[in-house]
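FYI, it's all coordinate maths here, none of it is from the lab. None of these values were measured; they are calculated from a predicted model. Positions of Cβ are backbone-derived with ideal geometry, glycine not excepted, and every protein chain shown enters the neighbour counts.
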Amino acid sequence: MTKEDLLLQRPRGTRDYLAGAADLIREIEATIREIFRLWGYSEVITPTFEYMEVLRQGTGPESDEMIFRFFDREGNILGLRSDATTPIARLAATRFNDENRILRLAYLTNIFRYVEPGMGREREFHQAGVELIGSSSPKADAEVIQLAATVFEALGITGYALDLGEVSFSLGILEDSGLSPREQRLIRGALLNKDFVTLKEILAAAHLPSETQEQLEELLALRGGVEVISRAKELTKSSTSQAALEHLEAVCELLPDQVLERVRIDLGMLKDLEYYTGVVFEGYVADIGYTVCSGGRYDRLIGRFGADKPAVGFGFGLERLLELKAATAEDQKQRVVVVDYNDPLRERAQELAARLREAGHTAVVSLNKTESKEAELNVLVTADSRFEIRTKDQERTAISLDEVVDFVNELWG
Amino acid sequence: MDPIKVAVPKGRLFTPVLKMLAQAGFIDLEPDLDPERRLMLSTPDGSWQFLLVKPADVPVYVEYGAVDLGVAGKDVLLEAGRELCELVDLGIGKCRLIMAVPDDSPITKATDLLPGSRIATKFPRISRSFFASHGIQVEILKLNGSIELAPKAGLATAIVDITETGSTLAQNNLRVVEEIRTVSARLVSNKISYKVRYPLIQEMVKRLSAVQGEKASV
């Protein structure tokens, strides 16, 4: 590409948000921020870039190529924030090292990942989420799951559902299976991608007794209502998996009915970020083909920064919410009164604009004729100190500032 | 309730897939069905709809959720690299992804290729990863058809293509030197449809697997 080509383009995987979309995304953020506040989660803001070593704790060494990286002048490698949880884990470990303290933290931030842009995947995107740090109790898991459901409700997204899993369930099954570490790794990869053909192929090639093979196939793909937990309990002997199932069951019992009826159990669920250790969940909506919210328990991540603290959290993808809301949002075009004037009445025009703003209306003093002509509502201050009001379908003359304000009040509520 | 939508590939998989869907009781076979004219089939009650699309477009329809399910060859899936769930190997449309060279070529395996050799293929992504995994530097040329012609015309040293019986290769004086992998048709689903419409998707998996089981036991 030549320099001229680049001049007009955005880098791949980035977006411009124009007036309507930017307003909508801020509105979504405001709704979410208010819910987080009401639930006692305080917002934190971490740096846009961090030392590579910090971010790598979250991506794992195998996925660190997704981090946008650069050098500072001392030669340190820095990276753009590639997920919200890892910097908060660093912060929690270094600033709040009190044994039994519970932390409820929230964030609304942009995230950068060097991924191939595609459906629902950008290189810069925005997330809003929470981290509940300091408790390993199922009560903490249930709290954040209920909070995620509340966010859906507050945004007026009615058709949502939540998938619930436990990553140590399949871990236990695999450890007990007699499969080699390589086979176990391949199976975890297949489960992550929901590639059941590969899963079956690996199991078939592993020369297990046919009964074991069938059982593994069933267990690793178990999905359905809460009753699949008891089915899994009957089928598995692994103590790790049993513990996972008991924890999951406890979480389900703690969830209120209106949340529980949204929940499906997916025991094969794994996550692409490797720090998850326990309960994991995903929120989705039938209308769009990808996950809207994703979260889970990560009991060892904060430990990598020197303070062993259990934690659980989630993040919503704001672009994905925007896509859902944009479909239903009314025309968001902002209503502006353009005040124009005949010389030398600029001061009078300023006065009118000030009065309109006081009354809660957006008002600008016109800078050229185009601005006045394109206005949905235009007021011209004339030499005899009258106001000529013009909208698309009416024209009238007012004699006082109050009369103009009353007119706009009536027109736009 | 919305019908379940399934993308069915035209092309070499078209007839075997329709036959399988008919055997599983989803559709009636229409002997003079012309895939170039018809775009859609459905069950009598309208609960299952089958969209007839170009094979390479199936993964796109599925990933974006325009359809819930689709049937695609593993070759097409590997080449597309889309995010979707692979549910079951249908065991039809079996063939091999191979590298072939002209009969009179001295090359007997991939590593014999000189650096910078040109490879003609419809599968650039699969080819790139195959040669990269063998540490061979080649130039991949993506062609849209008649791949067998490329060596003859002096465009490429070797080709990467799929072959069922090998007869087209033989007719064009080409010889297989590497088998990259075997491929067959897969039932795939959109990741969210898999969650939202799980019971119906499982029903299709079961009914198609049953047909496949009958075939295997004959």
Exercise for the section: Counting other Cβ atoms within 10 Å, keep those with at most 11, restrict to DSSP loop, and tell me which trypsin sites (Lys or Arg not before Pro) in the range A:1-90 are left. Expected result: A:R12, A:R73
Exercise for the section: Could you please tell me the mean projected area of the C-alpha convex hull for the range B:143-218, averaged over all directions and given in square nanometres to one decimal? Expected result: 8.2
Completion exercise
For the range A:8-89 the chymotrypsin sites (Phe, Trp or Tyr not before Pro) that pass both the DSSP coil test and the at-most-15 other-Cβ-within-10 Å test are A:Y17
Handout entry: the range A:175-226, Rg to Rh (Cα coordinates; Rh as Kirkwood inverse mean 1/r)
Key = 0.95
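In chain B, which whole DSSP H runs stretch at least 15 Å along their own axis (Cα) and average -0.5 or higher on the Kyte-Doolittle scale?
B:198-217
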Fill in the blank from the handout: Under the 7 Å Cα-to-Cβ spin-label approximation, B:A153 and A:V226 lie apart by a distance in nanometres of 6.5
Handout entry: Cα centroid separation, the range A:354-372 to the range A:47-73 (Å)
Key = 47
Handout entry: Within-12-Å neighbourhood charge of B:F123 [Cβ basis; K, R +1; D, E -1]
Key = +3
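With the convex hull built on the Cα atoms of chain B, state its orientation-averaged projected area in nm².
Working: hull surface 53.9 nm².
Over all viewing directions, chain B projects a mean Cα-hull area of 13.5 nm².
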Handout entry: Taking the range A:69-165 and dividing mean pair separation by its residue count, relative contact order in percent (alpha carbons under 8 Å, at least six apart)
Key = 20
Fill in the blank from the handout: Per residue, the convex hull enclosing the alpha carbons of the range B:95-182 has a volume in Å³ of 81
Fill in the blank from the handout: Counting only DSSP beta bridges with both partners in the range B:95-182, the antiparallel fraction in percent, to the nearest 5, comes to 60
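What is the sum of charges, Lys and Arg at +1 and Asp and Glu at -1, for the other residues whose Cβ falls under 15 Å from the Cβ of A:E282?
Working: positive: A:K194, A:R223, A:R262, A:R264, A:K271, A:R297, A:R320, B:K191, B:K195; negative: A:D141, A:D163, A:E166, A:D266, A:D272, B:E83.
Local charge sum for A:E282: +3.
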Practice task
Give the longest segment of chain B that steers clear of GluC sites (Glu not before Pro) in DSSP loops with at most 13 neighbouring Cβ atoms within 10 Å, not counting the sites themselves.
Solution key: B:37-163
Completion exercise
Here the whole-number average of other chain Cβ atoms within 10 Å per Cβ of B:72-85 is 2
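Based on DSSP loop calls and a cut-off of at most 15 other Cβ atoms within 10 Å, the longest stretch of chain A free of exposed GluC sites (Glu not before Pro) is what?
My reading of the result: A:100-260 is the longest stretch.
I need the fraction of alpha carbon pairs in the range A:8-325 separated by more than 25 Å, rounded to a whole percent.
Everything past 25 Å amounts to 52 percent.
Would you mind ranking B:L149, B:L78, A:L367 by Cβ crowding within 10 Å, fewest neighbours first? Don't jump to the answer; show the numbers that get you there.
On the way: B:L149 14, B:L78 18, A:L367 10.
Going from least to most buried by this count: A:L367, B:L149, B:L78.
Quick check on chain A: helices-only [θ] at 222 nm, where DSSP H runs of length 4 and up contribute -39,500 (n - 2.57) each and the sum goes over total residues. Nearest 500, please.
Values: 16 runs with 174 residues, N = 413.
Value at 222 nm, helices only: -12500 deg cm²/dmol.
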Problem - Value of relative contact order over the range A:8-325, rounded to a whole percent, pairs C-alpha under 8 Å and six or more apart - result: 24
Handout entry: Gaussian network model of chain A, Cα within-10 Å springs - most flexible of A:R320, A:R386, A:R182
Key = A:R386
Practice task
Give me the percent of DSSP beta bridges within the protein assembly as shown that run antiparallel, rounded to the nearest 5.
Solution key: 70
Practice task
Can you run the Rg to Rh ratio on the range B:79-145? Use alpha carbon positions and the Kirkwood inverse-distance Rh.
Solution key: 1.03
Practice task
Please average, across the residues of B:186-198, the number of beta carbons from any other chain that are within 10 Å of each residue's own beta carbon, and give a whole number.
Solution key: 5
Handout entry: the range A:8-325: antiparallel DSSP beta bridges as a percent of all, rounded to 5
Key = 90
Fill in the blank from the handout: Taking every residue of A:285-296, the Cβ atoms of other protein chains inside 10 Å of its Cβ average out to 3
Handout entry: Two-decimal log10 I(q)/I(0) for the protein assembly as shown, as the Debye equation yields it once each C-alpha is a single scatterer, q = 0.10 Å⁻¹
Key = -1.07
Handout entry: Distance between the range A:89-156 and the range B:1-70 - C-alpha centres, whole angstrom
Key = 41
Exercise for the section: Enumerate the lysines that A:K325 could reach by cross-link, defined here as Cα to Cα under 19 Å, with residues fewer than 8 away along the same chain left out. Expected result: A:K333
Fill in the blank from the handout: Quick shape check on the range A:237-327: root eigenvalues a ≥ b ≥ c of the Cα gyration tensor, a/c under 1.5 is rounded, otherwise prolate if a/b tops b/c, else oblate, and it reads oblate
